[in-house]
1. Would you mind getting me the FRET efficiency between Gln77 and Ala159? Use the beta-carbon distance for r and R0 = 41 Å, nearest 0.05.
2. Give me the number: length gained by fully extending Asp30 to Glu47, i.e. 0.36 nm times residue separation minus the C-alpha to C-alpha distance, one decimal in nm.
3. Report the calculated FRET efficiency for Lys221 and Phe200 (r = Cβ-Cβ distance, R0 = 45 Å), to the nearest 0.05.
4. What list of ³J(HN,Hα) couplings, whole Hz, do you get for segment 90-104 from phi and the Karplus terms 6.51, -1.76, 1.60, once you set θ to phi - 60° and write x for glycine and proline?
5. Expressed in nm to one decimal, what extension gain is obtained for the pair Tyr166 and Asp67 from 0.36 nm per residue of sequence separation less their Cα-Cα distance?
6. May I ask you to evaluate 6.51 cos²θ - 1.76 cosθ + 1.60, the Karplus curve with θ = phi - 60°, for each residue of segment 118-130 and list the ³J(HN,Hα) values in order in whole Hz, giving x for glycine and proline?
7. Charges only on Cβ, +1 for Lys and Arg, -1 for Asp and Glu: so what's the dipole of the chain about the Cα centre, in debye to the nearest 20?
8. Non-local amide H neighbours of Ala137 (under 5 Å, H modeled in plane, Pro and chain starts lacking H): which ones?
Amino acid sequence: MSELMSSPIKIWLTGATSGIGYALAQALLDEGHHLVVTGRNQDALDELASKAKDQVTTAPADTTSRDDLAVVRGQLQQLEPLQLAILNAGTCEYLDVAEYSSDVIEKNIVTNVIGTARSVEAVLPSLRAARAKGLPARLVIVSSSAWWFPFGRAEGYGASKAALTYFAHSLRADLAAEGIGVTVVSPGFVKTPLTDRNDFPMPFLISAEDAADRIVKGLKKDRAEIRFPKRFTWMLRCFGALPQPLIDRMAASMAGNQNRKQEEKE
Ligand SMILES: NC(=O)c1ccc[n+]([C@@H]2O[C@H](COP(=O)([O-])OP(=O)(O)OC[C@H]3O[C@@H](n4cnc5c(N)ncnc54)[C@H](OP(=O)(O)O)[C@@H]3O)[C@@H](O)[C@H]2O)c1
């Protein structure tokens, strides 16, 4: 088991109010860790705190807001040593190409990329302080496997997660000398309020609790990459390795089918 997770530590978790983050909060609380939980939904944060008063600090914030995160930064500092940050807050907005709007692209990028980058700014001093005390420290960035294949309507979401993954990998290179690990989590389809809105088939869909369990297991093994479910992520990686013209044909055919089904519904 990783030295980091072998005994209870303090962890900052964003996107703790719903879906994967909520399930992750439950799993980490069960293991005795102290959580600083962030999201915009105060009621959901309070509910988490009511479950384990001594183990939860609520830190409400819109992770795209520098002002909100400045307050959270102070809270994290108060709680040091803080050794693990799981930056999971994210959104998924689909593009309707018939009504093309760059707003959709912007919303995905602002929440998923800029929000995460700002969250790193808020927590990095605490992780560095942990390292200065000789403690292990790790940053976890929840990306997605969706960008490995050009799915129709996912222009904004896929672009944001591709950018986020590059950001995380580059950060991993820069932080290696300081001994701060960077883990990228790349889930397939997980049943959450985010995917409950999807009106297309979601192969190998797993529960949020299953996703949380796989993330915790990966972190306990100090994994730099946590990808699941394996059958889905392998399939996507194989598709992604095909020659581009073949990928383009498959993607156009899938997008066409999807758009036809959508029109039939309307
Ligand atoms: N579900 C999947 O199939 C899937 C697959 C791959 C990757 N992911 C990624 O996993 C992460 C969690 O997704 P989920 O499926 O669990 O979605 P979800 O149920 O919609 O949860 C999203 C979480 O992010 C928080 N959030 C969103 N925007 C925020 C903002 N501006 N400031 C602060 N918090 C914000 C939400 O909190 P508030 O509403 O309280 O602000 C909520 O706690 C996301 O990064 C998503 O891209 C999900």
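Read-outs: derived from the displayed coordinates by stated rules, not from any lab. Please read all numbers here as calculations on a predicted model, not as lab measurements. Methodologically, a virtual Cβ is constructed for each residue, glycine included, from the backbone with ideal geometry; neighbour enumeration extends over all protein chains shown.
1. Values: r = 33 Å, r/R0 = 0.82.
Using R0 = 41 Å, I get an efficiency of 0.75.
2. Working: separation 17, 0.36 × 17 = 6.12 nm, distance 1.55 nm.
So the extension gain works out to 4.6 nm.
3. Values: r = 33 Å, r/R0 = 0.73.
Using R0 = 45 Å, I get an efficiency of 0.85.
4. Taking θ as phi minus 60°, the curve returns x, 9, 9, 10, 8, 9, 9, 5, 5, 10, 3, 9, 5, 4, 5 Hz for segment 90-104.
5. On the way: separation 99, 0.36 × 99 = 35.64 nm, distance 2.59 nm.
So the chain would gain 33.1 nm between Tyr166 and Asp67.
6. My calculation for segment 118-130 gives 5, 5, 4, 4, 6, 9, 4, x, 5, 5, 5, 5, 5 Hz in order.
7. Details: 30 positive and 31 negative charges, 194 e Å.
Its charge dipole is roughly 940 debye.
8. Residues meeting the amide H criterion: Gly181.
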